[in-house]
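The values are calculated or read from the model by the stated rules, or taken from the named source; none is laboratory data. Values in this document were obtained by computation on a predicted structure and should not be read as measured data. Cβ coordinates were reconstructed from backbone atoms using ideal geometry, including for glycine residues, and neighbour counts include every protein chain displayed. Note: accessible area is taken over every heavy atom of the protein model, side chains too, but ligands, DNA and RNA are not part of it. Shrake-Rupley method; radii C 1.70, N 1.55, O 1.52, S 1.80 Å.
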Amino acid sequence: MKPTTLAAIDIGSNGARLLIKRFDDNAPEFERIRKLMFIRVPLRLGKDVFTLGKISKQRTEMMLHMMKG
């Protein structure tokens, strides 16, 4: 069976996280699940929500820039 690569993005009030893992049933047991990448970017989206009641244009642009990267 061909290895499968999965990614997950979690966007929270303080930051965004990207996790990419590879699953390979043909690999030795200790390598069947491998973390390929983990990135955390602090965004502080909650700061705007608590003070302004919404996410500011500047933080929205920061989030979009981070997602494109």
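With θ taken as phi - 60° and the coefficients 6.51, -1.76 and 1.60, list the Karplus ³J(HN,Hα) couplings across region 35-48 in order, rounded to whole Hz; mark glycine and proline as x.
With coefficients 6.51, -1.76 and 1.60, one gets 7, 8, 7, 9, 10, 10, 10, x, 10, 6, 5, x, 4, 5 Hz.
Above 16 Å lies some portion of the pair distances; for the chain, what is it as a whole percent of all C-alpha pairs?
Values: 1330 of 2346 pairs.
Of the Cα pairs, 57 percent sit more than 16 Å apart.
Between Ile20 and Lys47, what FRET efficiency comes out of the Förster formula 1/(1 + (r/R0)^6) with R0 = 22 Å and r the beta carbon distance, rounded to 0.05?
That gives a FRET efficiency of 0.20.
Taking the Cα centre of region 20-69 as the origin, how large is its charge dipole in debye, to the nearest 20, when only Lys and Arg (+1) and Asp and Glu (-1) carry charge on their Cβ atoms?
Working: 12 positive and 6 negative charges, 71 e Å.
Value, rounded to 20: 340 debye.
Mark the label point 7 Å from the Cα of Met37 along Cα→Cβ and return the residues of region 1-20 whose backbone N is within less than 11 Å of it.
7-8, 18-20
If you count only protein heavy atoms with a 1.4 Å probe, what accessible area per residue comes out for the chain, rounded to a whole Å²? Display every interim value, and only then the final one.
Working: 5640 Å² over 69 residues.
On a per-residue basis, 82 Å².
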